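The values are calculated or read from the model by the stated rules, or taken from the named source; none is laboratory data. Remember, predicted model here, so these are calculated numbers, not experimental data. Cβ atoms come from the backbone with ideal geometry, glycine included; neighbour counts cover every protein chain shown.
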Amino acid sequence: MAAYYTTDRWAIRHRTLTFHDVLRDDRNVTVEVAVRRDREMQALAEMIDLPVAILSHGNTVKNTEYSFLTNVFASRGYLVVSIQHDLDTDAPMVTKVGEEYVGRRMQYNRGDLNIMYAIDELKKIYPNADYHHLTLIGHSNGGDISMYFARQHPDLVKKVVTLDNLRVPFVTNGKIKILSFRSKDPQFKTDPGVVPDDETCKKLGIKVVRTEFQHNQLSDRGPDSVKSSIQGAVQEFLDENDGESMPTAPLLAASEPASTTEKK
């Protein structure tokens, strides 16, 4: 598991929680939670409500393989929740050309249910958090889950950050702030209509960053130069849209002890 930068001032607490959704045959919904300890204590003392960021992983990538992003959000005071959407018992994801979302609506619906269920369970543990103005983060299929959730629940979502989502069109209601990184990878082509044209993006304030990166570099598996570039753009996006800038520590170093694991 990728580790996270930590200092006495910005120490980040990590917990792995596994919930069981009885309405879906006791399906495991495992989440990795990261939160700055000082902000967590302020929330427990009912001094603040923690902003909430939900991260969804790409296909064949684990929810724990995005520490370079969870580190950005946790260091800024977010309660960061990385959900493991895919289980070993799930059927393989199949692309069906010509069908809506190339036949992946089932995965998006499952991701939607996972997010809503995780939120309901986390409210019991972190009651002083803002679950009505979510920030969604997702890579590839996880980016599509994030955008799909935002389309289904626009009143719950404030910001969306995607890393090369390929299937689900952007939300264009003008209320949700969007930052999207696009790869330059001949093996991963974005479906027509997913990314709005430049004029629409400018009008709605959608920020599209076209990179030279490979699609599969947009996780902890990528080189530090890629992760550092993405971190910088995300920080700038949050500075523009968070209302106030939170102090942050350097982001790429790593020295976090192992997470605790709990069953719920």
- Query: Given the residues Leu44, Leu87, Leu17, which is the only one that is in contact with a Lys or Arg (Cβ under 9 Å, 6 or more places away or on another chain) and loosely packed, with under 14 Cβ neighbours inside 10 Å?
  - Reply: Leu87
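Would you point out which residue out of Leu136, Leu163, Leu156 is in contact with a Ser or Thr (Cβ under 6 Å, 6 or more places away or on another chain), of a type outside the set (Ser, Thr, Tyr) and under 18 Å from Tyr108 (Cβ atoms)? Lay out the reasoning, then the answer.
Numbers: Leu163 fails: in contact with a Ser or Thr (Cβ under 6 Å, 6 or more places away or on another chain); Leu156 fails: in contact with a Ser or Thr (Cβ under 6 Å, 6 or more places away or on another chain).
When all the criteria are applied, what remains is Leu136.
So, of the residues in the range 90-106 that are assigned to a helix (DSSP H, G or I) and among the hydrophobic types (A, V, I, L, M, F, W, C), which turns out to be surrounded by the most Cβ atoms within 10 Å (Cβ to Cβ)?
Filtering the range 90-106 for residues assigned to a helix (DSSP H, G or I) gives 100-103, 105-106.
Narrowing further to those that are among the hydrophobic types (A, V, I, L, M, F, W, C): 102, 106.
Working: Val102: 15, Met106: 13.
If we take residues in the range 90-106 being assigned to a helix (DSSP H, G or I) and among the hydrophobic types (A, V, I, L, M, F, W, C), then Val102 is surrounded by the most Cβ atoms within 10 Å (Cβ to Cβ).
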- Selection count where residues are polar (S, T, N, Q) and without any contact (Cβ under 8 Å) to a residue 24 or more places away in the chain, scope the range 74-108: 2
- Query: Does Gln187 satisfy the condition of being more than 26 Å from Met116 (Cβ to Cβ), surrounded by fewer than 22 Cβ atoms within 10 Å (Cβ to Cβ) and of a type in the set (S, T, N, Q)?
  - Reply: yes
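What strands (runs of 3 or more DSSP E) lie completely within the range 154-264 and have 2 or more residues being at pLDDT 95 or above? Lay out the reasoning, then the answer.
Numbers: elements: 157-163, 177-182, 207-210, 260-263.
The qualifying strands (runs of 3 or more DSSP E) are 157-163, 177-182, 207-210.
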- Note on the structure: Taking first residues from the range 208-225 that are touching a residue at least 12 places away in the same chain (Cβ under 8 Å) and aromatic (Phe, Trp, Tyr) and second residues anywhere that are assigned to a strand (DSSP E or B) and buried (at least 19 other Cβ atoms within 10 Å of the Cβ), the pairs with Cβ under 6 Å that are 6 or more apart or on different chains are none
- Message: Please go through the range 107-142 and give me each residue that is in a loop (DSSP other than H, G, I, E, B) and either in contact with a His (Cβ under 6 Å, 6 or more places away or on another chain) or not aromatic (Phe, Trp, Tyr) (or both), ordered by number.
- Response: Pro127, Asn128, Ser140
